[in-house]
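Take a look at the structure set out below.
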Amino acid sequence: MKKSVLSIIGALFLIVGATTAFGDHHGGSKIAPKTVIHVVTLTWKDDASDEQIKKALDGVKTIAKKFDGVTRVWTRAIKTQGDHGHAFVMEFADEQALKDYAGSDAQKEWYKVYLPIRARSTTFDITN
């Protein structure tokens, strides 16, 4: 009986330890989350003003407030390589949220500010 109780306690410690080591506070995995990372590298048009660029990048932050499927955004590129000098990232709750975002009112509103000053961009959508 004593060995059974100790075995159960030991198993619980292993489960709790594994959950703590490999899971986040939402019960998902830090190693293989199911969110979708939408990475956009871009080059602005030559005549885009600093104010227009700021407004476009601020618009990415506004999308996160207007569209429930966006969980986080990053808009300040610290280092870039290649011919794109800027980047931003949007994290979507899941693949369906990314699909729902495409063509949404939030995207259409932001595109009014973003597309007129974007020269070209490359997009990567990444998940597990």
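Each reported figure results from applying straightforward, stated rules to the coordinates on display, with no laboratory input. Everything numeric here is computed off the predicted structure, so don't read it as measured data. Using ideal geometry, Cβ is built from the backbone for each residue, glycine included, and neighbour counts are taken over all protein chains shown.
Tabulated data for the structure shown
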| read-out | value |
| --- | --- |
| Least to most buried among 104, 49 (fewest other Cβ within 10 Å first) | 49, 104 |
| Distant-in-sequence amide H partners of residue 45 (H built 1.01 Å from N, under 5 Å) | 118, 119 |
| Placed amide H near residue 86: partners under 5 Å, 5+ positions off or other chain | 42 |
| Links that overshoot a 21 Å alpha carbon limit, given the list 65/99; 34/99; 34/112; 61/99; 45/65; 30/54 | 34/112; 45/65; 30/54 |
| Per-residue HN-Hα couplings for the stretch 54-69 [Karplus 6.51, -1.76, 1.60; θ = phi - 60°; Hz; x = Gly/Pro] | 4, 5, 5, 6, 5, x, 4, 5, 5, 4, 4, 7, 8, 10, 4, x |
| Aspartates and glutamates whose Cα lies under 14 Å from that of residue 108, excluding same-chain neighbours fewer than 8 positions away | 100 |
| Which of 104, 121, 86, positive extreme of dipole for the stretch 22-128 (C-beta unit charges) | 86 |
| The stretch 70-128 shape via C-alpha gyration tensor axes, a/c threshold 1.5 | oblate |
